[in-house]
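Inspection log for the structure reproduced underneath, given as structure tokens.
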Amino acid sequence: MQSWRESPGVVVVLLAPAVLWLLLFFLIPLGFIWVISFGERAGPVAIDITWTLANYRDAIDPLYLGLFTRSLRIAAISTVIALVIAFPVAFAITFASPRLKPILLLLVILPFFTNMLIRTYAMIAVLRRNGYVNFSLEQLWEAGAFALQPFGLAGMLGERFVPLDLLYNNTAVVFGIVYVYLPFMVLPLYASLERLDRSLLEASLDLGASQFRTFFFVTVPLAVPGIVSGIMLVFIPAMGTFLISDLLGGPSSQLIGNVIERQFKAANNWPLGAAMSFLLLYLTFVLLVLRAWFEKRDRGRG
Amino acid sequence: MRPPIVSIDGVTKRFGETAAVDQVSIDIQANEFFALLGPSGCGKTTLLRMLAGFETPNEGRILIDGDDMTRVPPNRRPVNMVFQSYAVFPHMTVEANVAYGLKVEGIGGAELRRRVDEALAMVRLENFRARKPDQLSGGQRQRVALARALIKRPKVLLLDEPLSALDKKLREQMQLELVRLQHEVGITFVMVTHDQEEALSMANRIAVMDHGRVLQIADPRTLYEHPTHRFVAEFIGTVNSLDVEVRSVDGPHARIRHPLLGEITVERAAPDVERGVVVARPEKLRLDFSAPPVDGEILLDAVVEQIAYYGDLSFVFVRCPDGTALQISRYNVNRQDKGDPAAGSLCRVGIHPDDLLLVGTG
């Protein structure tokens, strides 16, 4: 039974399909893009590879850097919100009864059963001026106005209900990112809380700590690997998103992802788009190195 | 007598239909080293967790130093626990682990330093204060757990199978260490264990539990020599149990009949024992006849079936003509000893009625 593990050939055979797939359809195309990022446009489709750095110089133009910082800010805000929402959820699932646990986990991953484009469009239906958030608010307004009428205070709520502009701004983009990527935060948090030895929490209580103190001094520090993974899994795709900002954002919600998309499509400037993509990719590498460093430190703790 | 430091009063804890702890009442005196002993699933850990506050009884009360603690949360009880897994915080140094319980109380500065030094010295970990738990051995981790609990100066220290994760040599060493610590700090220790030798050698008093009930509470010697239940006799040490017919009872004695022993008078374990089995410890039976026979001894013919040699002592398994199996232990007291009888040889077993005890089977 054990012998096949010792044979190196088995590992090669098992990994071959995935490695081949990644090589042919990920690494090699990525290499093309990398090469293109050093090229110049020579016609509608032709690109000369001249190993110029002009595209990178263009990519760090102040205009794009401004978009880049906005993307950074929106991704960071979305990630923090997702973390704050996901932690209690993950905590609740961890401590749910064994019967309830799989159902709750299923609810977390259920949105994946629907295409992301459709889910994002659905958000438009929710947030638009005559969407159901505004519809509900209007009902509340009418009920409030009706209730205040006998007191002659109906005017207090204004002449008529003004729908809120919930769509086509940065808040809507943040909302969309949190909504779409929340499961990526919940699942790693859940995985690390699930591994947590319950007796550590009991020991903290036993030593006189409050539930509050136990949470911040024992639970959170021990969930750091999950927190870091969750942040990576939300922050990195949020940095590159263009669909959510395209559908839910307004003219001032353009993110770096939208710019890159436009270079490849409307602007037909592949070299610039490629250079921008790679700058984003390098940032991701830095984050991954940071995570590896965190993991190494945590392994040191046992 | 002083009021008990821990008073468990008719406590029942049910998980669904089954009662994990069933109508248990125990009083534990201050400065006692008390052991809750029983097989796994007997309810001993649940009882300990109710003392710590991690479980709430369905019925009954728990008083600690006279105060009703039945529904008080664990962080407001004057007790601390050493967990089976030790539950040492992996993200904190030894020092931070030990200091945790005092920092929670708002103690800091010089007093914190002094008490942490004191606690680390007590468990001999002064040179390990900056280490992380994963750089410690199992025994050292346990000392951290002990120091972390004792630094709080609890009224009662609860120990959940404290030695089960250690290897044999270290376990024996820690047994002595724990008893020494208990004398030194003068705190009541309540220990849960499934290991009868551990309980006998460490505790002043032991409660033997089975199926959620307490069968007997006594000091180690009484438990061993005067068990009241067949379960207690068989769980603690090794015992020969013989089904007998009780002819009559009279105060502390009973007249019994057994095909091998005939009709004899033996001691009764408790006044309510009117039927049951007669038990005899293997070392109370005699196989060596170098010493002169004792007055009143009953001699039985038997065949040696098997011998288990442990070095310091041997267990000899014999069978009597009527099929009754007995085991006899004999100490290998000197090196010139001729040794154990060979398997298959005939022998005689000496039993004295004074060494027999009638115990209940309930």
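The values are calculated or read from the model by the stated rules, or taken from the named source; none is laboratory data. Keep in mind that this is a model prediction, so the values were computed, not measured. Because the Cβ atoms are built from the backbone with ideal geometry, glycine has one as well, and the counts that use them run over all protein chains shown.
Any idea how many residues of segment A:88-108 are of a type in the set (A, V, I, L, M, F, W, C), touching a helix residue (DSSP H, G or I) at 6+ places or on another chain (Cβ under 8 Å) and either assigned to a helix (DSSP H, G or I) or under 11 Å from residue A:193 (Cα atoms) (or both)?
The qualifying residues number 8.
Tell me the strands (runs of 3 or more DSSP E) entirely within segment B:237-276 that contain at least 1 residues that are of a type in the set (Ser, Thr, Tyr).
Ranges flagged: B:240-243, B:245-250, B:262-268.
So which residues in segment B:71-93 are under 30 Å from residue A:297 (Cα atoms), at the interface with chain A (Cβ under 8 Å from one of its Cβ atoms) and outside any loop (DSSP other than H, G, I, E, B)?
Hit for segment B:71-93 is B:81, nothing else.
Taking the residues in segment A:237-262 that are more than 13 Å from residue A:67 (Cα to Cα) and not aliphatic (A, V, I, L, M) as candidates, determine which candidate is nearest to the chain's Cα centre (by Cα).
Of segment A:237-262, the ones more than 13 Å from residue A:67 (Cα to Cα) are A:237-238, A:243-244, A:246-250, A:261-262.
Filter again for not aliphatic (A, V, I, L, M), leaving A:237, A:246, A:249-250, A:261-262.
Numbers: A:237: 5, A:246: 15, A:249: 16, A:250: 19, A:261: 18, A:262: 21 Å.
Going through the qualifying residues, I end up with A:237.
Where the second residue is of a type in the set (Gly, Ala, Ser) and the first is farther than 24 Å from residue A:169 by Cα and lies in segment A:247-273, which pairs have Cβ atoms under 7 Å and are six or more apart or on separate chains?
A:264/A:273; A:271/A:37; A:271/A:39; A:272/A:59
For segment B:143-170, enumerate the residues that are among the charged types (D, E, K, R), surrounded by fewer than 24 Cβ atoms within 10 Å (Cβ to Cβ) and assigned to a helix (DSSP H, G or I).
B:168, B:169 - these are the residues of segment B:143-170 that are among the charged types (D, E, K, R), surrounded by fewer than 24 Cβ atoms within 10 Å (Cβ to Cβ) and assigned to a helix (DSSP H, G or I).
Does residue B:205 fit the bill of being surrounded by fewer than 18 Cβ atoms within 10 Å (Cβ to Cβ), assigned by TED's automatic domain parsing to the domain that holds residue B:182 and of a type in the set (Lys, Arg)?
no
With the structure loaded, tell me whether residue A:150 is touching a His at 6+ places or on another chain (Cβ under 9 Å), in a helix (DSSP H, G or I) and not acidic (Asp, Glu) or whether it fails that test.
The answer is no for residue A:150.
Condition test on residue B:308, is it closer than 19 Å to residue B:208 by Cα, of a type in the set (Gly, Ala, Ser) and outside any loop (DSSP other than H, G, I, E, B)?
Working: closer than 19 Å to residue B:208 by Cα: no; of a type in the set (Gly, Ala, Ser): yes; outside any loop (DSSP other than H, G, I, E, B): yes.
So residue B:308 fails the test.
Condition check: part of a strand (DSSP E or B) and more than 9 Å from every other protein chain (Cβ to nearest Cβ). Does residue B:21 satisfy that?
For residue B:21, the condition - part of a strand (DSSP E or B) and more than 9 Å from every other protein chain (Cβ to nearest Cβ) - is met.
So which residues in segment A:188-228 are buried (at least 19 other Cβ atoms within 10 Å of the Cβ), more than 19 Å from residue B:93 (Cβ to Cβ) and within 7 Å of chain B (Cβ to nearest Cβ)?
A:202, A:205, A:206, A:208
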